[in-house]
Amino acid sequence: MGNIKVNLNNASAWIDAGALDNYQEKLKESMDAIVNKTGRGRDFLGWVELPQVVDASLLQKIEASAQLMARKSEIFVVTGIGGSYLGARAVIEALKHHFDVLLPGRKNKSPLVLYAGQNLSEDYLADLLDVLDDKDYSLAVISKSGTTTEPAVAFRILKNHLEKKYGVEEAANRIIAITDKEKGALKQLADKLGYQTYVVPDDVGGRYSVLSPVGLLPVAVAGFDIEKLLSGARDMREHLLATPAMEQNPAALYAAARNVLYRSGKKIEVMVNYLPALTYFTEWWKQLYGESEGKEGKGIFPAGVTNTTDLHSMGQYIQEGERIIFETVLSVERVNGRLQIPHDDEDLDRLNYLEGKNLHDVNRVAETATTLAHVDGGVPNIRIEIPELNEYYLGQLIYFFEYACALSGYLLGINPFDQPGVEAYKKNMFALLGKPGFENEKRSLEERFGI
Ligand code: PA5
């Protein structure tokens, strides 16, 4: 059963029923192509089955590894980039206490998860090492290819730090490698040094891998319930695969709606949330959709805002700038309900009209008010309705967006599972850094750039 709903009421002025209906046939073909593995990128459809493939024994193994790491560590460093880190971060940030690092009694809690290898900032990594000098820590190095420069460099530095701190043998007990089952430098290194390893399945691309050990292990270390996450994904999978009719299938509806809007000139989709906890979920979504659809000169540009913060920065543009935008709101119905606006006898701030209201109620009104204003300003609005933020509904949401992304990519006529464009910068960087085998490219790039 799927609890995530797609509401097109505030996009209907731009999406007539006929335009959606035109996608029925193509959607049906795309759904069949996903299930029967006959479409473009068919070798990368392992994510469709992931909620099933991660069985009880793998889950137990992951939980045991997570507990072991948690017992040893105040900090757990997730080292990876792109799909090898964003999924885990999206889930952890959505569920954790906003100020967990400052909570009293931190020592008895699950390790704080920090991230490395997602940038090449020297100061970032040096600052992280400053913190790790005085903390017990362990880490996961996550790279499907096992050769990506950013996490590989960060890992070399962290491994060196860990070995100096604990000795080579104990350092090896504090490292988990998640990579390809046989290829890549990381796999060879992990085997040689005796690290515990988990496999990124061959047929699962990085950005579709959050429900594999790539996402599950860090989420479990952070103390969240990965069985519930998978159970949400399983329920959503069952619902989407058993529901061919677009009207009842939220992923099909979302995929078709965004393609109708794209064809009408709405080339930018802004994912809007009203909870800062969802900022990294938006980052995960941006990567999933940007890397899946932006190719062959096509694709919706995925952007994101966190409101109401960004209503005071990006809100102006969305309201009155170029009319090439549509919005997709992650609308969360319930939060924990812990905070009400108090009465004030003097009412100097004139806010007594809000007394007794939960802050979330005010936030929900801000959402409605903004939706209506933006619709009036010519911005179609798709609402994704989520009952609340917990592992179960996040599992549903992840599977919903993955499935919708595959469908949407097929409707667009591209391969949603490759990323040929990512190689261009890598090739140049290897050449400019002097990697053996790139000598000719190095000369010509340096000449072009005037170095
Ligand atoms: O989605 C993808 O495939 C990419 O974003 C990769 O996850 C990213 O480039 C990292 O690759 P790797 O896991 O091989 O280090």
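Over the C-alpha trace of segment 59-116, radius of gyration and Dmax come out as 12.0, 33 angstrom.
Around Asn7, under 15 Å between beta carbons, what's the net of Lys plus Arg minus Asp minus Glu among the other residues?
Values: positive: Lys5, Arg258, Arg364, Arg383; negative: Glu247, Glu327, Glu333, Glu367, Glu385.
Taking every Cβ under 15 Å from that of Asn7, the sum is -1.
Sparse packing (at most 11 other Cβ atoms within 10 Å of the Cβ) combined with a DSSP loop state is found for the following chymotrypsin sites (Phe, Trp or Tyr not before Pro) in segment 69-141: Phe99. Seen from every direction in turn and averaged, the convex hull around the alpha carbons of segment 24-154 projects onto 11.2 nm².
Per-residue ellipticity at 222 nm from helix content only, as computed over the chain with -39500 (n - 2.57) for each DSSP H run of at least four residues, stands at -15000 deg cm²/dmol.
Counting only protein heavy atoms and using a 1.4 Å probe, the accessible area of Lys159 comes to about 40 Å². Heavy atoms only, probe 1.4 Å: what % of the accessible area of the chain goes to carbon and sulfur, would you let me know? Of the solvent-accessible surface of the chain, carbon and sulfur hold 53 percent.
Classify segment 177-242 from the C-alpha gyration tensor, please: rounded if a/c falls under 1.5, else prolate or oblate depending on whether a/b exceeds b/c.
Numbers: a/c = 3.83, a/b = 1.76, b/c = 2.18.
Taking the square roots of the gyration eigenvalues as a ≥ b ≥ c, segment 177-242 is oblate.
Among the listed pairs Lys28/Lys267; Lys298/Lys426; Lys295/Lys435; Lys295/Lys427; Lys181/Lys295; Lys135/Lys164, which have their C-alpha atoms separated by more than 20 angstrom in this model? Walk me through the numbers before you get to the answer.
Working: Lys28/Lys267 24 Å; Lys298/Lys426 22 Å; Lys295/Lys435 28 Å; Lys295/Lys427 18 Å; Lys181/Lys295 29 Å; Lys135/Lys164 14 Å.
Over 20 Å Cα-Cα: Lys28/Lys267; Lys298/Lys426; Lys295/Lys435; Lys181/Lys295.
Here segment 247-325 and segment 415-451 have alpha carbon centers that stand 30 Å from each other. Note on Asp32 and Thr147: the model spin-label points, each 7 Å out from Cα along the C-beta direction, lie 3.8 nm apart.
Assuming R0 = 35 Å, what is the FRET efficiency of Lys267 and Leu68, from their Cβ-Cβ distance, to the nearest 0.05?
Values: r = 48 Å, r/R0 = 1.37.
For Lys267 and Leu68, the calculated efficiency is 0.15.
What is the sum of charges around Glu367, taking Lys and Arg as +1, Asp and Glu as -1, for the other residues whose C-beta is under 12 Å from the C-beta of Glu367? Summing Lys and Arg as +1 and Asp and Glu as -1 gives -2.
On a per residue basis, the convex hull of the C-alpha atoms belonging to segment 100-153 measures out at 100 Å³.
Per-residue extension of 0.36 nm, minus the Cα-Cα distance of Phe430 and Glu385, leaves a gain of 11.8 nm for this segment. Taking 15 Å as the straight-line reach from the Cα of Lys109, the aspartates and glutamates in range (excluding those fewer than 8 positions away in the same chain) are Glu74, Asp100, Asp136, Asp225. For Leu372 and Arg40, the FRET efficiency from 1/(1 + (r/R0)^6), where r spans their Cβ atoms and R0 equals 51 Å, is about 0.80. Size descriptor for segment 113-257, Kirkwood hydrodynamic radius: 17.3 Å (Cα pairs only, one decimal).
Volume per residue of the convex hull around the Cα atoms, evaluated for segment 86-196, comes out as 116 Å³.
Could you please put Met1, Met314 in sequence from largest to smallest accessible area, using a 1.4 Å probe?
Working: Met1 130, Met314 95 Å².
Per-residue accessible area, sorted high to low, gives Met1, Met314.
Segment 166-218 and segment 38-52 have their alpha-carbon centroids 21 Å apart. In terms of accessible area, using a 1.4 Å probe and ignoring ligands and nucleic acids, Glu439, Glu446, Glu122 rank largest first as Glu122, Glu439, Glu446. Near the amide H of Leu114, within less than 5 Å, lie the amide hydrogens of Phe76, Val77, Val78, all on another chain or at least 5 residues away, with H placed in the peptide plane. Each of Lys37, Lys427, Lys192, Lys144 has its accessible area taken with a 1.4 Å probe; listed largest first, they run Lys192, Lys427, Lys37, Lys144.
Rounded to the nearest 20, the Cβ-based charge dipole of segment 46-226 about its Cα centre (Lys and Arg +1, Asp and Glu -1) stands at 220 debye. A full extension of the chain between Asn22 and Glu169 corresponds to an added length of 46.8 nm, given 0.36 nm per residue minus the alpha carbon distance.
Taking 0.36 nm per residue of separation and subtracting the current Cα-Cα distance, fully stretching the chain between Leu129 and Arg350 would add 74.7 nm. Amide H to amide H, with H built 1.01 Å from N, Phe301 comes under 5 Å of Ile268, Glu269, counting only residues 5 or more places away or on other chains.
Computed from phi, the 3J(HN,Hα) profile of segment 93-104 under the Karplus parametrisation 6.51, -1.76, 1.60 (θ = phi - 60°) reads 5, 5, 9, 7, 5, 4, 10, 3, 5, 9, 5, x Hz, with x in place of Gly and Pro. With all protein chains kept in place, the per residue accessible area of the chain amounts to 46 square angstrom at a probe of 1.4 angstrom. For the chain, the Kirkwood hydrodynamic radius comes to 23.5 Å, computed from all pairs of different C-alpha atoms.
The values are calculated or read from the model by the stated rules, or taken from the named source; none is laboratory data. Owing to the predicted nature of the structure, the values given are computational and were not obtained by experimental measurement. Quick reminder, even Gly has a Cβ in these numbers, built from the backbone with ideal geometry, and neighbours come from all protein chains shown. When the accessible area is computed, the model is the full protein with side chains, heavy atoms only, and any ligands, DNA or RNA have been set aside. Shrake-Rupley method; radii C 1.70, N 1.55, O 1.52, S 1.80 Å.
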